[in-house]
Amino acid sequence: MRFDIVTLFPAIFDGYLTQSLLEKAIAKGLVEIHRHDLRDWAADTPHRKVDDRPFGGGPGMLLQVDVTVPCVEDIERMAETPSRKIMLTPQGERFDQRMAEDLALSDRVLLLCGRYEGFDQRVVDILEPEEVSVGDFVLNGGEVAAMTIIDGVVRLLPGVLGDQNSHVDDSFSRGNRLLEFPQYTRPRDFRGHHVPEVLLGGNHEAIAAWRAEQSRIRTKQRRADLLDEEE
Ligand code: SAM
């Protein structure tokens with residue numbers, strides 16, 4: 001799977017790309033990540049200007065349509081297959097596990113990271129990207145949001161996690177779409193806190209039943225909306 005990231009700050013991704021899971025996925029050839037500096041498409045050298053003031057007034061600057069659209073068009077021209085184009089914006093559809101699972105089926109995803117007040121509306125009108133938000137809050141730029149999406153998607157790709165099925169039971173995931181059950185490891189007892197007996201007995205059916213029940217209890221307590229969705 002290939003990601004193309006359009007950003008004014010490509011260096012923000014430096015540390016992220018060399019963290020263990022992603023670095024290994026790249027080394028194994030399971031993922032390619034290409035960064036594109038939007039300033040490389042600015043006509044106005046040496047200032048390499050990519051933003052301008054909004055018509056009608058108001059604070060801040062907007063990323064220009066005549067820089068952004070040619071940038072995306074060039075990236076698309078260079079590629080063999082068209083990408084799913086995603087614009088990061090707090091006004092978009094909320095990113096969730098279902099969206100991550102759906103994106104993981106794509107060969108290519110292009111992520112457009114905004115800055116300042118975001119993009120000129122005509123970028124949306126012309127490129128018709130999917131507009132995606134990572135939550136109801138405002139970040140300074142789309143880069144952290146892009147990393148969130150890449151992180152959520154890459155771990156679903158076959159071969160990335162040691163155990164292919166380990167993400168199926170994760171919270172929100174296709175196992176049951178609920179919150180995950182509580183988990184324990186050694187020691188069995190710590191300061192009077194014991195591991196539930198059922199997990200120690202080796203009865204797989206009983207363990208599965210306990211986990212399913214705990215998952216429902218936890219979801220009911222913390223995220224009852226997920227149970228409503230299930231019905
Ligand atoms: N003026 C915009 C608004 O009110 O909708 C917010 C612009 S924000 C300061 C700058 C950039 O950060 C956005 O263009 C977007 O790319 C990114 N961004 C901010 N919050 C985000 C969120 N919740 N999800 C995804 N991207 C976000």
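The figures follow:
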read-out	value
Single residue of the stretch 37-50 satisfying the filter (under 26 Å from the mean Cα position of the chain (by Cα) and surrounded by fewer than 19 Cβ atoms within 10 Å (Cβ to Cβ)) that is farthest from V144 (Cα to Cα)	D40
Contacts under 8 angstrom Cβ, first residue in the stretch 52-74 being farther than 13 Å from D40 by Cα, partner within 15 Å of the ligand (Cβ to nearest atom) and of a type in the set (G, A, S), 6 or more apart	P54/G60; L62/G118; L63/G114; L63/G118
Meets criteria (surrounded by 12 or more Cβ atoms within 10 Å (Cβ to Cβ), in a loop (DSSP other than H, G, I, E, B) and not assigned by TED's automatic domain parsing to the domain that holds S106) for P187	no
One residue from P59, P70 being within 13 Å of the ligand (Cβ to nearest atom) and either modelled with pLDDT of 95 or more or over 29 Å from D170 (Cβ atoms) (or both)	P59
Breaking point among (1) without any contact (Cβ under 8 Å) to a residue 12 or more places away in the chain; (2) assigned to a helix (DSSP H, G or I); (3) loosely packed, with under 12 Cβ neighbours inside 10 Å, for K220	(3)
Checklist (1) surrounded by fewer than 15 Cβ atoms within 10 Å (Cβ to Cβ); (2) within 13 Å of the ligand (Cβ to nearest atom); (3) not in a loop (DSSP other than H, G, I, E, B) applied to T148, failing item	(1)
Filter result for D136 (within 16 Å of the ligand (Cβ to nearest atom), among the charged types (D, E, K, R) and part of a loop (DSSP other than H, G, I, E, B))	yes
Selected residue (criterion: nearest to the ligand (Cβ to nearest atom)) from residues of the stretch 84-133 that are of a type in the set (A, V, I, L, M, F, W, C) and farther than 21 Å from D37 by Cα	F95
Some residue of the stretch 77-95 being aromatic (F, W, Y) and within 30 Å of R177 (Cβ to Cβ)	yes
Among (1) under 20 Å from Q19 (Cβ atoms); (2) out of contact with any strand residue (DSSP E or B) (no Cβ under 8 Å at 6 or more places or on another chain); (3) more than 10 Å from the ligand (Cβ to nearest atom) - the single one N165 does not satisfy	(1)
Candidates G202, G159, filtered to the one that is surrounded by fewer than 13 Cβ atoms within 10 Å (Cβ to Cβ) and touching a helix residue (DSSP H, G or I) at 6+ places or on another chain (Cβ under 9 Å)	G159
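Condition check ((1) assigned by TED's automatic domain parsing to the domain that holds D52; (2) among the hydroxyl-bearing types (S, T, Y); (3) more than 11 Å from the chain's Cα centre (by Cα)) across all residues:
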{"residue": "A104", "(1), (2), (3)": "yes, no, no"}
{"residue": "L111", "(1), (2), (3)": "yes, no, no"}
{"residue": "R122", "(1), (2), (3)": "yes, no, yes"}
{"residue": "L127", "(1), (2), (3)": "yes, no, yes"}
{"residue": "S133", "(1), (2), (3)": "yes, yes, no"}
{"residue": "F137", "(1), (2), (3)": "yes, no, yes"}
{"residue": "V160", "(1), (2), (3)": "no, no, yes"}
{"residue": "S173", "(1), (2), (3)": "no, yes, yes"}
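The values are calculated or read from the model by the stated rules, or taken from the named source; none is laboratory data. All values reported here derive from a predicted model rather than from experimental measurement. Virtual Cβ from ideal backbone geometry, glycine too; neighbours counted across all protein chains shown.
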